[in-house]
Amino acid sequence: MEATVAEDHRPFLIAGRWEDRSQWAPASAPDSQPTLVAQAGAAEVCAAVDAARGCLQKGMPAHRRAEILDQAAELLGRRREELARVVCAEVAKPISLAQAEIDRAQSTLRFAAVQARTLGGRTVPMDAAPSGAGKLAFTQRVPLGVVGAITPFNFPVNLVAHKLAPAFAAGCPVVLKPAPQAPLSALELARVMTDAGLPPGWLSVLPGPAQEIGAAMGEHPHVAVISFTGSVQAGWQLARHAHRKKVLLELGGSAPAVLAADADVDLAAERLALGAFSYAGQSCVSVQRVYVDRRIADSFLERLLGRVRSLGVGDPGDPDVICGPVIDEASAQRLTGWIDQARAEGAQLVAGGSLTGRLLAPTVLLEVPHRARLIQQEAFGPVLCVQRCSSIEQALELANDTPFGLQAAVFTESIGVALGAARRLDYGAVLINEAPTFRADHMPYGGRGDSGNTREGPAASVRELTDERLIVIDTPSGGFEHD
Ligand code: NAP
C-alpha cells in the first residue's frame, strides 16, 4: 500500500509498506531542492523484525529467491542512469564512478542468484565410526534468521546490495539501516527489489538515528545476525552491545602498497594514482601508504606525480572527473589538520594540499613520520604517503605495522618476491601488480585485526548467513547385518 506524501517527502519501507512519519531528515536529491526522508525508530525496528520473522518461518523456495535476484539485476540495469544520478547527488560520487557502482551492484545481485540456486550440503560417511554404521547422514544449509544490516555512505547502492542479495539467497529477511548521507540510494534499491517481486516483509529499509536503531537491532531477540559495514570505532562498539548474536564486521583500513626494486614503476604509478584518488580516496581499500625501494623511488615519484596531474578533479557531475569533494566539511578539516601535522613533523608536500570548500586537491606527501596520524589511522581522503625503504623486508615490516588488515599490494617482476610478500603481509587479501583498491564483487572480501571479522562477496556471505544442519537417518538393515 502506498502512503500519500508530498512530492519532496520520501517514505521508508517497512514490512512491505511505504510509510511516512512525523520525523523527517533532509537528503540530497538530484535535480531538485533537498528531499525530506521519513525517520524510523526503535518501534519500527520491532515491527519490521516481527514481519521479517513471519517471512522466515514461511520460507521461500530457492528458485523463487534466485528469480527475484536476477529480475532485480535486470531492473537495476534499466534504471542505471537514474540511480547513478541519485548516488552522485547524495554522496558527491563522480558520475562515471556512480555508474560503475550500479554495474557492480547488478553483478552482486547476479552472483547472489547463483548462490541461491546452488546452496547445498554434503553427505557424511557415518560408517567411518563403528557407532555410525547403519546410519545415513547429510547436511543442509539453513538460514540463520533475520539480519539487521547497517551500511556506510561511500558505496550506497553496491554495499546495500552486498547486504540484501546474499541474505535473500540464503533465505534470510533483512532490516536495513542505511547511511544518513544516502537514504535515497538505499530506498531506490529497495524499490527495485519490491518491483522484482520480493514479497512484503522480506525487506524493511529504516533511515533513522543510528544509536537507537542499532540498539533496537542489538537487543531484539529475533535478530540473529548484525551485519555492519562502516568505521572501526562504530563497528566494534556495536559488537560489544549485540547480545548473543552473530556480528559480522566489514570495517576500515589504510591500505599499503610495497614496491620492490624490480617493480614496473609505470604500472605502479598508474594503478596507485587511481587507487588513492578515485572518489577522493573514500574507499576502505584506498591506497594510503606506499613503501618504495629507494633505488626506484625517484623514477616512481616522477611518474606518480605525472599521473596525479592528469586526474580529473572537481565537479562530480562532470564525466571526466574522478576526484571530487569529500563527504562533509568536518572530513575536509580533519584531513587538512592531519596534513599540517605531518608537515610539522617533517613530511614533504609534493602535490596538492590545497582545500577549496570540501574539495581537497589530490595530495602526495613524502617521508611522513611513522607515528603521524596519516600513517597510523585511516585517512579516508585524497592523501597518499610515499615512504622510501632500504629493503623489501623493511617495507613489509612497515606495511604490517598497523592495526588494520584489509587489503595490501606488492609490485614486483619476481614471482618469488611476490609470493614471499603475499605470505608475509598480514591482510585479508594481497594484490600483486594491482592496487590494493581492487575489488570484484564475487571475491571473498574482508579484513583482519581492526578491519573486521568476516568475508563478504555472495558466496562467502551466504556461508556466514547460513548454518549447517545435520540430518541423520537410521537405515533399517532389511535382514542384512551391518558390519
Ligand atoms: P560510519 O560513520 O561508521 O557509519 C556507517 C553506518 O553505521 C552508518 O549508517 C551510521 O549511521 C551507522 N552507525 C554509526 N555508529 C553506529 C552505532 N553505534 N550503532 C549503529 N549504527 C551506527 O562510517 P561511514 O563514514 O559511513 O563510512 C566510512 C567507513 O566505512 C570507513 O571507515 C570505511 O573504511 C568503512 N567501510 C568499510 C568497508 C568494508 O567493506 N570493509 C566498505 C566501505 C566502507 P550514522 O551516520 O547515522 O551514525
Legend entry - Near pairs, Cβ below 6 angstrom, 6+ apart or cross-chain, from segment 250-268 (over 13 Å from Ala435 (Cα atoms)) to any residue that is assigned to a strand (DSSP E or B) and among the hydroxyl-bearing types (Ser, Thr, Tyr): Glu250/Thr229
Inset, instruction - Would you check if Gln233 is farther than 25 Å from Val86 by Cα and surrounded by fewer than 22 Cβ atoms within 10 Å (Cβ to Cβ)? - result: yes
Inset, instruction - Give segment 247-269 a look and list any residue that's away from the ligand (no atom under 16 Å from the Cβ) and within 24 Å of the chain's Cα centre (by Cα), or say none. - result: Ala257, Val258
Inset, instruction - Quick one: which residue in Arg85, Arg80, Arg64 is within 22 Å of the chain's Cα centre (by Cα), closer than 24 Å to Gly457 by Cα and of a type in the set (Lys, Arg)? - result: Arg80
Legend entry - Failed item, numbered, when His162 is tested on (1) in contact with a Leu (Cβ under 9 Å, 6 or more places away or on another chain); (2) of a type outside the set (D, E, K, R); (3) not in a strand (DSSP E or B): (1)
Legend entry - Counted residues, segment 124-159 - those being assigned to a strand (DSSP E or B) and more than 16 Å from the ligand (Cβ to nearest atom): 11
Inset, instruction - Could you please tell me which pairs satisfy a Cβ distance under 7 Å, a separation of 6+ or placement on different chains, a first residue in segment 197-209 that is closer than 19 Å to Asp20 by Cβ and among the small types (Gly, Ala, Ser), and a second residue that is assigned to a loop (DSSP other than H, G, I, E, B) and within 16 Å of the ligand (Cβ to nearest atom)? - result: Gly208/Gln39; Gly208/Ala40; Gly208/Gly41
Legend entry - Long-range neighbours under 8 Å by Cβ, at least six apart or interchain, first residue among the small types (Gly, Ala, Ser) within segment 362-383, second away from the ligand (no atom under 16 Å from the Cβ) and part of a loop (DSSP other than H, G, I, E, B): Ala372/Glu345; Ala372/Ala347
Legend entry - Residue check for Thr229: within 8 Å of the ligand (Cβ to nearest atom) and either in contact with an Asp or Glu (Cβ under 7 Å, 6 or more places away or on another chain) or more than 18 Å from Gly148 (Cβ to Cβ) (or both): yes
Legend entry - Filter result (touching a strand residue (DSSP E or B) at 6+ places or on another chain (Cβ under 6 Å) and more than 19 Å from Pro476 (Cβ to Cβ)) within segment 125-142: Thr139, Gln140, Arg141, Val142
Legend entry - Gly120, sole failed condition from (1) out of contact with any Asp or Glu (no Cβ under 8 Å at 6 or more places or on another chain); (2) touching a residue at least 60 places away in the same chain (Cβ under 8 Å): (2)
Inset, instruction - Kindly establish whether Val383 is crowded, with 22+ Cβ neighbours inside 10 Å and either among the small types (Gly, Ala, Ser) or away from the ligand (no atom under 16 Å from the Cβ) (or both). - result: no
Legend entry - Condition met for Asp8 (at pLDDT 85 or above and of a type outside the set (Val, Ile, Thr)): no
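Out of contact with any strand residue (DSSP E or B) (no Cβ under 7 Å at 6 or more places or on another chain), more than 16 Å from the ligand (Cβ to nearest atom) and on the phi < 0 side of the Ramachandran plot: which single residue out of Arg244, Arg240, Arg307, Arg294 fits that description?
It is Arg307.
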Inset, instruction - Go through segment 184-201 and give me each residue that's under 16 Å from the mean Cα position of the chain (by Cα) and either surrounded by fewer than 24 Cβ atoms within 10 Å (Cβ to Cβ) or closer than 15 Å to Val91 by Cα (or both). - result: Ser185, Ala186
Inset, instruction - Would you mind stating whether Pro221 is more than 12 Å from the ligand (Cβ to nearest atom), without any contact (Cβ under 8 Å) to a residue 60 or more places away in the chain and part of a loop (DSSP other than H, G, I, E, B)? - result: yes
Inset, instruction - Please work out which one of (1) touching a residue at least 60 places away in the same chain (Cβ under 8 Å); (2) farther than 25 Å from Gly457 by Cα is the condition Arg303 fails and give its number. - result: (1)
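Where in segment 390-483 are there helices (runs of 4 or more DSSP H), lying wholly inside it, with at least 2 residues that are polar (S, T, N, Q)?
Counting at least 2 such residues, we get 392-400.
The values are calculated or read from the model by the stated rules, or taken from the named source; none is laboratory data. All values derive from a computational prediction rather than experimental measurement. Here the Cβ is made from the backbone with ideal geometry for all residues, glycine too, and neighbour counts use every protein chain on show.
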